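Each remark here refers to the structure printed beneath this line.
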Amino acid sequence: MTKDRRSAALLVLCAGMLMIILDVTIVNVALPSIQRDLGFSQSGLAWVVNAYLIPFGSLLLLAGRIGDLVSRRGMFVGGLILFTAASIVCGLATSQQMLIAARFLQGIGGAMTSAVVLGMIVTMFPEAREQARAIGVYSFVASAGGAVGLLLGGVLTEAISWHWIFFVNLPVGIATAVAALRLLPADKGAGLRQGADVAGGLLITSSLVVAVYTVVAGGAAVRTLGLAILAVALLAAFVVREATAATPLIPLRIFRSRTLTGANVAQLLSAAGMFGMFFVGVLYAQHVLGYDALRIGLAFLPVTVFMGGLSLRYSERLISRYGARTTVVTGLALVAAGLFWFARVPVDGRYLTDVLPSMVVLGIGAGMAFPALAALGMADATPQDAGLASGVFNTTAEVGSALGLAVLATLSAGRYAGLRSTGVPEMTAQTGGYRLAFVAAGLLVVAALIVTVVVVRVRTSPEATELGESTLTAAARS
């Protein structure tokens, strides 16, 4: 491929990823409008997000493996088509069930599209300097997408309706798919006979669906216990499958590294706290502060601006000077402080004094912690395991987001119902529920900090030294 053609192909890959990333934040801003129009309960509303996150997070590894075996370009384009078609159904949704089902299909399409992007970039840009630059462009698009989604979601929801946050994907998806067929190099893998571990993918996805449903649905103790046992049994079956499969989805040997294991656990816990905070924070801004969708987008914009700006320009310097582990610990401490500050919001809260300070601290902390955490997650990976380690790390982020959202939404709804049953006024009860969720989010991040301190030991093997050095640079830009 010529240099110009590779640059055009990189833009196509980034456009596809931007559409996927936009969907997460753009939907968050529109949640209050969706809740009002379709009659979701607060805990049920979590399924609008979780129905996307569960298949997305649990199918990343399987989709990437099938892409390697069949065709990465085919997987990318197929994912775009499914994501775009599901977006149309989301926009046309007139019931809770229709929207949730379409969101699940969106998650599958999102996993198919995003799972192969980094692999295609590495293949198209084999020279180290060009590859680092291409990954930097990709990482910047990923960071900027969150901020764009907040504003675009607010504008579309207020100017037209929440349905258009999904319809906007139609022209983008079609244009990107057509450009991908023209510009991305055709490829063909070794074939599915090499093994894609579909059974492992189905087991882990089923376990997550049951686990999240158990948290969100609640119900009788016997029923909840039964669902919890089923979720654990499915997870155990997945572990057995991975230990015995000829071509496992996640070879369990990679978890022998304390650094990799600790980084993934910390990623899961911190993602649970941060993403759950966004969900509950949006509801607080809408129900208590009375913000419309556009003001909600603007209110949370400082988080993504500080996070993206810091990770793009300064994280690499911090990691190089102080080390990834120290940077993670400092960043997570700031994130926890921001969440605990948010937990003190009053019923008559003011943005400048009660919300903005926590947004700034959260953005700075996340901008420090998450790139450094990604570096830790790759520090002990050999070149042969780099793709696998990257996939596992991304998967724990999505799984943590889904489970954290389910737990925090359920805690908030339960606290609200308990306060209302004792005669506490509506607004006070709502605020009490949100404050409990913010405290829980802060505790999750504290747990991630403790895991980092106790478990992570930075000892890069000689075989992984060269990979780790390049990963620090790329991760600091993500």
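So the values come out like this:
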{"quantity": "Cα→Cβ-extended label distance, 7 Å offset, between residue 123 and residue 258, nm", "calculated": "3.8 nm"}
{"quantity": "Packing-based order for 28-36, 48-56, 369-377, using average beta carbon neighbours within 10 Å, highest first", "calculated": "369-377, 48-56, 28-36"}
{"quantity": "Footprinting exposure proxy for 426, 242, 398 (fewest neighbouring C-beta atoms within 10 Å first)", "calculated": "426, 242, 398"}
{"quantity": "Fewest-first ranking of 341, 162, using other Cβ atoms within 10 Å as the exposure measure", "calculated": "341, 162"}
{"quantity": "Gain on full stretching of the segment that runs from residue 92 to residue 320 - 0.36 nm per residue minus C-alpha separation", "calculated": "77.2 nm"}
{"quantity": "Bins of 5 Å, starting at 0 and running to the largest distance - Cα pair percent for region 1-194", "calculated": "1, 8, 16, 20, 20, 14, 10, 6, 4, 1, 0"}
{"quantity": "FRET efficiency, residue 240 to residue 360 (Cβ-Cβ, R0 45 Å, nearest 0.05)", "calculated": "0.45"}
{"quantity": "Residue exposure sequence - 277, 124 - by fewest surrounding Cβ within 10 Å", "calculated": "124, 277"}
{"quantity": "Whole-number percent relative contact order across region 1-194, with pairs defined as alpha carbons under 8 Å at least 6 apart", "calculated": "39 percent"}
{"quantity": "Residue-span extension gain [residue 181 to residue 161] - 0.36 nm each, minus C-alpha spacing", "calculated": "4.0 nm"}
{"quantity": "Theoretical ellipticity at 222 nm over the chain - DSSP helices of four or more residues, -39500 (n - 2.57) apiece, nearest 500", "calculated": "-28000 deg cm²/dmol"}
{"quantity": "Most to least packed among 102-113, 324-335, 78-89 [average Cβ atoms within 10 Å]", "calculated": "102-113, 324-335, 78-89"}
{"quantity": "Semi-axis lengths (Å, descending) of the ellipsoid that matches the C-alpha gyration tensor of region 198-246", "calculated": "24, 10, 5"}
{"quantity": "At 1.567 mPa s and 4 °C, Stokes diffusion of the chain via Kirkwood alpha-carbon radius, µm² per second", "calculated": "58 µm²/s"}
{"quantity": "Charge dipole (the chain, unit charges on Cβ, about Cα centre) - positive-most of 75, 367, 214", "calculated": "367"}
{"quantity": "Whole-number percent relative contact order across the chain, with pairs defined as alpha carbons under 8 Å at least 6 apart", "calculated": "22 percent"}
{"quantity": "Helix 386-421 axis, angle to the chain major axis (alpha carbon atoms, nearest 10°)", "calculated": "10 degrees"}
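Read-outs throughout are calculated quantities, based only on the coordinates presented, and are distinct from any laboratory measurement. Please read these numbers as outputs of a predicted model, since none were measured by experiment. Virtual Cβ from ideal backbone geometry, glycine too; neighbours counted across all protein chains shown.
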